[in-house]
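The values are calculated or read from the model by the stated rules, or taken from the named source; none is laboratory data. If you're wondering where the values come from, they're calculated on a predicted model, not measured in any experiment. Using ideal geometry, Cβ is built from the backbone for each residue, glycine included, and neighbour counts are taken over all protein chains shown.
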């Protein structure tokens with residue numbers, strides 16, 4: 001393209017040259033532009049599709065949240081929106097509904113698969129809730145086992161708090177106190193849970 | 001609710017920019033150019049192209065950048081709001097704190113945005129509607145008002161599309177927190193335990209002993225007063241104090257000297273006419289249908305005497321208005337879709353339109369009322385005008401005078417500035433650096449190097465939007481050690497209080513010990529000190545039957561065993577001691593408490609959310625270029 005127009009030639013020659021150049025390169029340019037436009041169109045369509053899938057998943061999720069009997073929404077999500085974050089969320093909702101009906105084993109069935117979720121926040125939520133259910137079932141050993149975490153993580157305050165509750169239910173006052181105190185030191189600075197835990201601690205004096 | 005008007009403008013995907021270029025250019029050549037331009041866009045992403053060299057980046061999160069422009073558009077409004085709220089107390093030091101908090105907030109939002117994107121979270125239009133409609137800023141008489149909504153947004157420089165896109169994003173981000181809350185629960189026995197604890201009641205009485213009553217019973221010896229002074233000598237000093245001359249320039253004073261003549265005022269009125277006029281409004285009902293044929297049917301029915309309201313209910317597909325007789329209320333120009341607006345504003349009061357086509361379908365419109373626009377007469381707004389005009393003039397004059405003041409203050413002495421500008425010099429009292437008698441900015445400048453050490457005129461300081469001063473040092477008193485005689489009274493008082501407190505602590509402890517041992521020295525002590533038990537009462541955690549401090553101590557006491565009381569002596573702040581007798585603890589009968597359940601769930605989810613944010617932040621590579629903020 002460097003010598004596209006040369007100054008010394010006559011107009012006719014120049015026109016001739018442009019025509020020649022177009023003959024040689026025209027196809028490629030048209031094809032290139034066409035390809036580019038097609039790519040944009042495909043990308044747009046793909047984005048639109050993705051967005052509408054997300055909206056549909058959200059709609060199913062919301063209908064499950066608003067109505068405990070709407071289990072078809074849960075099945076729909078589980079079967080047709082495998083990659084959506086709403087699948088895990090709806091399992092958590094199903095677990096809550098089971099707890100509301102006091103069907104604790106069923107609730108655990110929903111939660112257990114999430115214990116090892118790739119989304120660590122889902123995993124922590126599921127474990128903390130699972131432990132609360134074991135506690136409700138008086139299955140203290142299983143509750144403590146569920147709360148066993150290796151690393152000292154951001155959520156250990158919540159874990160320690162629930163552990164304290166389990167030990168208290170077992171009437172193991174010293175361990176309960178120890179874990180409540182631990183929770184106080186691990187929770188984020190302005191956590192509202194602190195005053196609640198302090199109340200629990202004071203009550204054990 | 002007239003919803004469909006609103007939603008039409010929401011941009012769904014991120015290709016708005018491309019399509020706007022496509023719309024503006026015409027012809028095949030334009031297509032060719034667009035084609036050539038769009039290829040690199042499609043491959044490399046449009047954002048990078050536009051935010052490349054010309055934009056300053058203030059932070060980046062995993063390569064996702066925040067531009068200075070984006071930052072300022074968050075920072076400036078917040079700063080303005082803070083300034084308005086604090087007015088004169090606003091200090092430029094707040095800027096850096098605010099900057100930190102704004103950029104932190106923006107980073108959090110980006111992280112939540114990315115994460116909610118990864119999880120394929122999305123927000124439906126009905127959620128967005130519900131949010132906007134429930135915002136009472138947009139409500140008149142307890143109902144959502146589309147006019148109010150659009151007006152308020154316009155005033156704040158947003159279009160509805162922009163505002164709705166922002167809200168949509170925020171809602172999607174907030175799902176990180178609220179989806180987890182949707183499914184959170186408290187098991188029934190856990191709630192029972194929590195409630196028993198929360199609503200626990202304790203029966204108690206107490207003896208309060210105040211140190212103040214013992215101030216004349218304790219004696220501090222002179223030696224310890226002197227010893228205290230010698231040990232703490234460096235804390236007894238009189239700080240440096242200064243006296244300041246200053247010249248003040250304020251809008252208020254300038255306005256007093258301005259006289260307005262009628263001709264000027266009238267010209268001003270002509271210029272500002274818009275301010276005194278109200279826009280014309282229309283009140284209409286409509287029925288929206290999908291096809292022209294349907295529209296014709298409806299029109300015929302109306303012409304045969306059909307009731308418009310009933311037909312609206314039956315035929316209209318505008319879910320927002322159909323149950324409301326199709327009523328759209330009063331609206332001004334610029335609110336409805338163009339075709340609709342054009343028709344309505346050309347109709348006679350009480351008349352009916354034919355089928356009007358818009359992007360939503362076919363409207364049949366009935367215009368019920370016309371409010372014509374109006375302009376208030378010159379005479380009726382004269383006093384308001386005078387005020388406005390004076391303000392405008394004095395504002396202008398203030399700017400000029402401030403310039404003059406700045407130049408003069410730089411060149412000549414303060415006396416000469418005063419002479420030339422005919423402004424009086426004022427003088428302050430002596431004040432120290434920690435004074436609250438003068439504005440913080442004023443004090444800071446008075447103690448700055450230029451004024452305090454070099455003795456020069458300060459620059460012009462903007463104390464508020466309408467008030468400027470130049471200051472110069474008049475006199476200074478150096479920091480000096482206070483002599484023992486000056487402060488011995490103060491020290492004596494301090495030590496006496498300490499001693500009295502120790503004394504009452506001991507009394508409280510002796511009484512408690514005696515009560516625990518069940519001997520009679522408690523009674524003797526109480527008689528001797530004229531102390532009495534308070535009446536025995538039941539308290540809950542939030543009771544006001546005694547001071548909060550006493551209630552808190554009460555609920556931290558161990559529980560008594562059946563028929564026995566627990567006695568405890570406790571210090572109460574710096575000036576009192578208390579003996580508490582706790583006789584009974586009981587938990588009331590269980591009643592399910594939704595409020596308590598909600599509180600616990602929200603406490604837990606807040607902590608969970610804090611943890612999520614912390615984790616997201618630590619997993620991301622975040623760079624903040626603080627020097628560019």
Query raised in the report: Which one of these is within 30 Å of residue A:143 (Cα to Cα), facing another protein chain (nearest Cβ under 10 Å) and in contact with a helix residue (DSSP H, G or I) (Cβ under 6 Å, 6 or more places away or on another chain): A:81, A:61?
Result: A:61
Query raised in the report: Does residue B:572 fit the bill of being closer than 30 Å to residue B:95 by Cα, at pLDDT below 95, under 41 Å from the mean Cα position of the chain (by Cα) and surrounded by 17 or more Cβ atoms within 10 Å (Cβ to Cβ)?
Result: no
Report summary line: Those helices (runs of 4 or more DSSP H) completely within region B:205-284 that have 3 or more residues that are over 30 Å from residue B:499 (Cβ atoms) and within 42 Å of the chain's Cα centre (by Cα) are B:251-256, B:262-271
Requested in this report: Scan region A:86-122 for residues that are surrounded by fewer than 17 Cβ atoms within 10 Å (Cβ to Cβ), more than 8 Å from chain B (Cβ to nearest Cβ) and within 20 Å of residue A:156 (Cβ to Cβ) and report the count.
Outcome: 3
Query raised in the report: Hey, any hits in region B:80-100 for a residue that's surrounded by 14 or more Cβ atoms within 10 Å (Cβ to Cβ), modelled with pLDDT of 85 or more and touching a strand residue (DSSP E or B) at 6+ places or on another chain (Cβ under 8 Å)?
Result: no
Query - Count of residues meeting criterion [within 30 Å of residue B:70 (Cα to Cα) and assigned by TED's automatic domain parsing to the domain that holds residue B:560] in region B:573-611 - result: 0
Query raised in the report: Is it the case that region A:141-153 has a residue that's within 11 Å of chain B (Cβ to nearest Cβ), surrounded by fewer than 21 Cβ atoms within 10 Å (Cβ to Cβ) and closer than 25 Å to residue B:619 by Cα?
Result: yes
Query raised in the report: Do we have residue B:551 as buried (at least 18 other Cβ atoms within 10 Å of the Cβ) and out of contact with any helix residue (DSSP H, G or I) (no Cβ under 9 Å at 6 or more places or on another chain) here?
Result: yes
Report task. List the strands (runs of 3 or more DSSP E) that sit entirely inside region B:399-486 and contain at least 2 residues that are touching a strand residue (DSSP E or B) at 6+ places or on another chain (Cβ under 7 Å) and under 29 Å from residue B:83 (Cβ atoms). Result -> B:461-464, B:467-477
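Rundown of residues vs (1) surrounded by 13 or more Cβ atoms within 10 Å (Cβ to Cβ); (2) within 14 Å of chain B (Cβ to nearest Cβ); (3) modelled with pLDDT of 90 or more, yes/no style:
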position: A:3; (1), (2), (3): no, no, no
position: A:7; (1), (2), (3): no, no, no
position: A:12; (1), (2), (3): no, no, no
position: A:28; (1), (2), (3): no, yes, no
position: A:37; (1), (2), (3): yes, yes, yes
position: A:46; (1), (2), (3): no, yes, yes
position: A:65; (1), (2), (3): yes, yes, yes
Query - Of residues in region B:192-204 being more than 33 Å from the chain's Cα centre (by Cα) and either assigned to a loop (DSSP other than H, G, I, E, B) or at the interface with another protein chain (Cβ under 10 Å from one of its Cβ atoms) (or both), the one surrounded by the fewest Cβ atoms within 10 Å (Cβ to Cβ) - result: B:196
Report task. Scan region B:366-382 residue by residue and report those that are touching a residue at least 40 places away in the same chain (Cβ under 8 Å) and either surrounded by fewer than 11 Cβ atoms within 10 Å (Cβ to Cβ) or not in a loop (DSSP other than H, G, I, E, B) (or both). Result -> B:366, B:367, B:368, B:369, B:370, B:371, B:372, B:374, B:375, B:381, B:382
Query raised in the report: For residue B:581, which of the numbered conditions (1) more than 36 Å from the chain's Cα centre (by Cα); (2) within 14 Å of chain A (Cβ to nearest Cβ) fails to hold?
Result: (2)
Query raised in the report: Is it the case that region A:125-137 has a residue that's modelled with pLDDT of 95 or more and surrounded by fewer than 18 Cβ atoms within 10 Å (Cβ to Cβ)?
Result: yes
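Find the residue count for region B:56-79, including only residues that are under 21 Å from the mean Cα position of the chain (by Cα) and surrounded by 14 or more Cβ atoms within 10 Å (Cβ to Cβ). Show your work before the answer.
If we filter region B:56-79 for residues that are under 21 Å from the mean Cα position of the chain (by Cα), which is where we start, we get B:70-79.
Adding the requirement that they be surrounded by 14 or more Cβ atoms within 10 Å (Cβ to Cβ) leaves B:70-72, B:74-75, B:78-79.
Number satisfying all stated conditions: 7.
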Query raised in the report: Give me the pairs: first residue in region A:52-69 and touching a residue at least 40 places away in the same chain (Cβ under 8 Å), second residue surrounded by fewer than 14 Cβ atoms within 10 Å (Cβ to Cβ), beta-carbon distance under 8 Å, and six or more apart or on different chains, which are they?
Result: none
Report task. With the condition kept exactly as written, say whether any residue in region B:199-213 is over 27 Å from residue B:583 (Cα atoms) and either assigned by TED's automatic domain parsing to the domain that holds residue B:555 or in contact with a helix residue (DSSP H, G or I) (Cβ under 6 Å, 6 or more places away or on another chain) (or both). Result -> yes
